[in-house]
1. Can you tell me the relative contact order of segment 34-143? Whole percent, Cα pairs under 8 Å, sequence separation 6 or more.
2. Just order 239-249, 222-232 by mean Cβ neighbour count inside 10 Å, highest at the front, would you?
3. What is the Cα coordinate range of segment 94-176 on the first, second and third principal axes, sorted by size from largest, in whole angstrom?
4. Arranged from highest to lowest average of other beta-carbon atoms within 10 Å per residue, in what order do the peptides 18-24, 164-170 appear?
5. Taking Cα centroids, how far is segment 262-298 from segment 214-228 in Å?
6. What is the spread of the Cα atoms of segment 1-159 along each of their three principal axes, largest first, in whole Å?
7. If packing is taken as the average number of other Cβ atoms within 10 Å across a peptide's residues, how do 307-313, 364-370 rank, most packed first?
8. Post the alpha-carbon centroid distance, segment 4-26 to segment 101-150, in whole angstrom.
């Protein structure tokens with residue numbers, strides 16, 4: 001079976017990542033049902049949905065540290081079992097407090113999937129394949145987003161949102177067990193040859209102390225433009241795709257849950273097709289990660305202008321197209337972002353660096369989802385249904401965040417090897 005086993009490992013980890021996206025985006029389709037059953041306002045529903053993101057963001061530094069020390073396989077298995085328990089508890093929740101607690105447990109559990117997975121891919125795949133596999137991983141995340149849209153809408157129509165959460169919790173536990181028994185952290189553990197994936201411009205032979213590694217990362221100027229791109233963009237994007245997109249389609253366009261799920265599934269398809277495409281575009285067309293990122297962020301900003309100023313004027317086919325194209329462009333930030341961050345720093349702290357940057361998109365979502373609900377309550381007329389004017393006002397506020405993300409994208413440092421405008425990330429030599 002040889003080295004082909006790494007693709008089997010990738011498949012299992014990718015399946016876990018599908019479930020990460022499912023848990024993240026599921027509230028968008030069932031939000032109206034949850035608001036009714038749990039008797040929540042928009043602001044409280046925003047807190048409930050964003051309860052996933054607070055522990056997710058806070059766990060990113062521990063995720064990197066555990067991936068570098070305790071081991072990625074152990075980290076994923078142990079915490080993914082927590083996510084399974086949280087999903088099952090959510091299915092049985094009888095009030096908003098219990099549901100918030102359950103979402104917190106889910107967020108805590110799935111927080112330990114992405115960073116350890118990137119660490120395992122670093123160990124199993126050569127540099128030229130690593131970026132490609134990152135793109136495929138993002139595409140599988142898009143598949144998770146798809147299952148959290150149309151398929152979840154259909155499933156919840158049959159067995160309700162509670163039964164859907166219980167089933168997905170059981171499936172999550174099954175995947176956790178499969179990872180424990182079948183995944184290994186390095187090829188050497190399977191008797192295969194070592195893979196040299198150290199593409200960092202800086203290499204050391206000794207271990208970094210935990211706090212020295214964190215301090216090194218946050219003191220690197222190249223780190224912060226990426227942090228702002230992720231934070232500001234996710235404050236809008238994950239708030240729309242992960243929660244308020246579904247209510248928006250139901251309230252403004254009078255759609256059923258199934259119809260809204262079908263349209264939101266186009267965002268998942270955009271991510272699925274966009275992720276591998278963006279990796280190819282950055283290397284073969286733009287010959288630059290920075291140029292691709294700037295193009296992506298500007299395109300997303302321009303597309304969101306239409307949603308903000310013509311909020312209720314889309315027809316159904318145009319909504320399908322808008323959701324697909326918007327998500328297609330947004331996929332580029334993740335595909336080129338994480339490889340760039342990894343290459344800024346020595347391989348010894350690659351997990352910590354990835355975990356640290358991964359705080360920012362989920363901190364943005366943790367802020368954006370309840371903030372959007374609060375603004376909808378403010379601009380709306382009360383109750384749990386909001387007008388087109390309320391959504392339009394909130395989306396205009398979102399434009400400010402997206403413009404900030406575009407400005408931040410112009411400040412990132414190029415890392416693609418062979419790019420004409422590639423900058424020297426750092427000439428200093430890192431020491432533990």
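What follows is calculated from the coordinates using simple rules that are stated; it is not laboratory data. Owing to the predicted nature of the structure, the values given are computational and were not obtained by experimental measurement. Cβ placement follows ideal geometry from the backbone for every residue including glycine, while neighbour counts extend to all protein chains displayed.
1. Rounded, it is 33 percent for segment 34-143.
2. 239-249, 222-232
3. Computed over segment 94-176, the largest-to-smallest principal extents equal 48, 26, 20 Å.
4. My ranking of the peptides, most packed first, is 18-24, 164-170.
5. Measuring centre to centre over Cα atoms gives 24 Å.
6. 53, 32, 23 Å, listed from the longest principal axis down.
7. Those peptides, ordered most packed to least, come out 364-370, 307-313.
8. So the two Cα centres are separated by 6 Å.
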